[in-house]
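Read the structure below first, then the notes.
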Amino acid sequence: MDDFFSASLKPWLLNNLSSKVITTNGWKWSVIFGVAVWSIWKERNNSIFRRQRQPTGSIVTTIKGMLTNIEHAKFAHTDQGSNEKRVQYVWWQYPPMNWIKLNVDGCSKDNPETAGAGGILRDHLGTGSKDFFLLIQVFVYWSRQNCGLLPLVWN
């Protein structure tokens, strides 16, 4: 906890997102931290790009709601014919020895609109060797007869 306020950005994010600490109410700190950072980042982007501002209390309410939804989702699936609920966590897994895994993600504001993508290469120890991000201008054409992606113009 001493380095929570003094660590540089990348170690701070990695330490909190990989934390094994369980809070007094049974939550994993890494989940709370991830949801909070994502919610604050989303609010920041809405404020900058959409000129929409929410009161601080609204962000806290959103974070609590998302955490509640995560808790409910853990118990949403049951085996057929059984009332027993089971938890199934999904997480990133290391690639095999001497392999490299490419993880990518992307998002867009609207359709058509500017989009972004990013990714990272990680080895069998989970060490990131290369990362990237792109801003992309996407033009999408939809019709009843034909759905197609028109050419991408890279910024």
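Listed values, structure above:
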{"quantity": "Unmet requirement for Ser19, which otherwise passes all of (1) at pLDDT below 85; (2) part of a loop (DSSP other than H, G, I, E, B); (3) not β-branched (Val, Ile, Thr)", "calculated": "(1)"}
{"quantity": "Qualifying strands (runs of 3 or more DSSP E) (wholly inside the stretch 40-155; at least 2 residues being at pLDDT below 65)", "calculated": "140-142, 147-149"}
{"quantity": "Residue pairs meeting the criteria (Cβ under 6 Å; at least 6 apart or on separate chains; first in the same structural domain as Lys20 (by TED's automatic domain parsing), in the stretch 32-47; second basic (Lys, Arg) and surrounded by fewer than 17 Cβ atoms within 10 Å (Cβ to Cβ))", "calculated": "Ser47/Arg53"}
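Residue-by-condition table, conditions (1) touching a strand residue (DSSP E or B) at 6+ places or on another chain (Cβ under 7 Å); (2) surrounded by 14 or more Cβ atoms within 10 Å (Cβ to Cβ); (3) under 17 Å from Trp91 (Cα atoms); (4) not hydrophobic (A, V, I, L, M, F, W, C):
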residue: Pro11; (1), (2), (3), (4): no, no, no, yes
residue: Asn15; (1), (2), (3), (4): no, yes, yes, yes
residue: Ser19; (1), (2), (3), (4): no, yes, yes, yes
residue: Ser30; (1), (2), (3), (4): no, yes, yes, yes
residue: Val35; (1), (2), (3), (4): no, yes, yes, no
residue: Arg44; (1), (2), (3), (4): no, no, no, yes
residue: Phe49; (1), (2), (3), (4): no, no, no, no
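The values are calculated or read from the model by the stated rules, or taken from the named source; none is laboratory data. All figures in this text were calculated on a predicted structure; none of them were measured in a lab. Note: ideal-geometry Cβ built from the backbone for every residue, glycine included; neighbour counts use all protein chains shown.
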